[in-house]
Amino acid sequence: MSKKINKKYQPKGLSIIYEDDYLLVVEKQAGLLTVATETNKVRNAQYLLTDYVRKGNAKSRKEVFVVHRLDQWTSGLLIFAKSEEIMLRLKDNWKEIEKKYVALVHGTFAQKEGIITSALIEDKRYKIHSTNDTEKGKLAHTAYKVLKEKNNFSLVEINLLTGRKNQIRVHMADKGHPIVGDRKYGKDKDLNLALHSKSISFKHPVDGREMKFDTKTPDYFNRLMNNKR
């Protein structure tokens with residue numbers, strides 16, 4: 001049964017979409033890290049949600065466990081588990097979890113729907129590239145469908161068929177349509193990344209119920225398509 005979410009404890013930078021005794025589904029704002037880094041131990045989703053489940057009790061041993069991650073500047077849906085056992089159950093069935101994204105990309109596609117496939121490899125600068133060497137790279141598949149085109153932008157729905165690091169960003173850039181605001185794989189320097197984890201579907205790890213959560217496309221995407229920043 002879903003818990004009633006007390007707004008008093010709602011963490012900043014996160015919207016709690018669903019909560020029960022076993023897991024949390026949240027919507028993360030762009031700019032918030034999923035997990036801690038060497039330079040940021042506190043301002044991240046895992047820390048904030050651990051604080052949330054402890055309800056202000058510093059002595060509590062409750063914590064949340066990371067099931068999957070989003071890049072810092074990617075917004076949207078994330079699942080966190082309330083125990084290591086639940087985390088492992090979700091990860092063990094990860095191939096059955098369906099994740100859909102929306103992205104605003106530069107240009108228009110000749111082919112409005114398709115699947116991008118390549119092997120991905122990380123270089124010494126921690127940047128991901130497509131490679132023809134399938135022994136060194138990890139195979140990645142990204143399905144896409146153009147939803148709307150305007151002002152030399154395309155709004156694209158993306159079904160992530162595999163979950164490689166920076167997969168969507170690399171594959172869109174490979175197609176010649178980098179995501180708007182992508183400073184790593186594109187050329188934009190003054191825009192925020194227009195990538196959003198829009199929906200997620202999975203079976204509940206305890207009772208097997210079909211769970212599906214959906215969010216709206218950020219207003220930011222529409223403003224950009226209309227040349228309004």
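The values are calculated or read from the model by the stated rules, or taken from the named source; none is laboratory data. The shown structure was predicted, so the numbers you read here are calculated from the model rather than taken from an experiment. Every residue, glycine as well, gets a Cβ built from its backbone with ideal geometry; the counts of neighbours run over all protein chains shown. Please note that ligands, DNA and RNA were not included when accessible areas were found on the heavy atoms of the full protein model with its side chains. Shrake-Rupley method; radii C 1.70, N 1.55, O 1.52, S 1.80 Å.
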Margin query: Here's a check for you: in the stretch 96-117, which residue that is among the β-branched types (Val, Ile, Thr) and in a strand (DSSP E or B) is most open to solvent (accessible area, probe 1.4 Å)?
Written below: Ile115
Item checked: Scope the stretch 174-187; condition open to solvent by less than 30 Å² (accessible area, probe 1.4 Å) and either of a type in the set (Lys, Arg) or not in a loop (DSSP other than H, G, I, E, B) (or both); matching residues -> Ile179
Item checked: In the stretch 22-55, the residues that are modelled with pLDDT of 90 or more, under 24 Å from Glu85 (Cα atoms), part of a loop (DSSP other than H, G, I, E, B) and open to solvent by 50 Å² or more (accessible area, probe 1.4 Å) -> Tyr22
Item checked: Looking only at the stretch 188-209, and only at residues there that are open to solvent by 30 Å² or more (accessible area, probe 1.4 Å) and without any contact (Cβ under 8 Å) to a residue 12 or more places away in the chain, the one that is farthest from Val170 (Cα to Cα) -> Asp207
Check: In the list Thr131, Thr108, which residue meets the criterion of being at pLDDT below 95 and either within 24 Å of His177 (Cα to Cα) or hydrophobic (A, V, I, L, M, F, W, C) (or both)?
Finding: Thr131
Note to self: Please go through (1) within 20 Å of Asp21 (Cβ to Cβ); (2) in a strand (DSSP E or B); (3) open to solvent by 60 Å² or more (accessible area, probe 1.4 Å) for Ile79 and return the number of the only condition it doesn't satisfy.
What the structure shows: (3)
Next item on the list: Considering (1) in contact with a His (Cβ under 8 Å, 6 or more places away or on another chain); (2) more than 20 Å from Thr131 (Cβ to Cβ); (3) among the hydrophobic types (A, V, I, L, M, F, W, C), say which one Ile200 fails and leave the rest.
Entry: (1)
Notebook entry, point to check: Any idea how many residues of the stretch 81-132 are over 20 Å from Gly163 (Cβ atoms) and among the aromatic types (Phe, Trp, Tyr)?
Noted result: 1
Check: When you go through Lys3, Lys12, Lys8 one by one, which is the residue that is surrounded by fewer than 19 Cβ atoms within 10 Å (Cβ to Cβ), at pLDDT below 95, part of a helix (DSSP H, G or I) and out of contact with any Leu (no Cβ under 6 Å at 6 or more places or on another chain)?
Finding: Lys8
Item checked: Selection count, the stretch 127-154, where residues are part of a loop (DSSP other than H, G, I, E, B) and either farther than 24 Å from Ser197 by Cβ or without any contact (Cβ under 8 Å) to a residue 24 or more places away in the chain (or both) -> 8
Check: Of Leu161, Leu120, which residue is open to solvent by 70 Å² or more (accessible area, probe 1.4 Å) and either under 17 Å from Thr74 (Cα atoms) or not acidic (Asp, Glu) (or both)?
Finding: Leu161
Notebook entry, point to check: Does the stretch 161-170 include one or more residues that are part of a strand (DSSP E or B), modelled with pLDDT of 95 or more and among the hydrophobic types (A, V, I, L, M, F, W, C)?
Noted result: no
Check: Within the group Ala81, Ala140, which residue is closer than 30 Å to Asp51 by Cβ, under 19 Å from the mean Cα position of the chain (by Cα) and aliphatic (A, V, I, L, M)?
Finding: Ala81
Next item on the list: Please determine, by comparing only the residues of the stretch 56-73 that are open to solvent by 90 Å² or more (accessible area, probe 1.4 Å) and not aromatic (Phe, Trp, Tyr), which one is modelled with the lowest pLDDT.
Entry: Ala58
Note to self: Here is a list: Lys212, Lys145. Which entry is over 16 Å from the mean Cα position of the chain (by Cα) and either surrounded by fewer than 15 Cβ atoms within 10 Å (Cβ to Cβ) or at pLDDT 95 or above (or both)?
What the structure shows: Lys145
Notebook entry, point to check: Considering only residues of the stretch 192-209 that are more than 14 Å from the chain's Cα centre (by Cα) and of a type outside the set (Lys, Arg), which is nearest to Asp182 (Cα to Cα)?
Noted result: Asn192
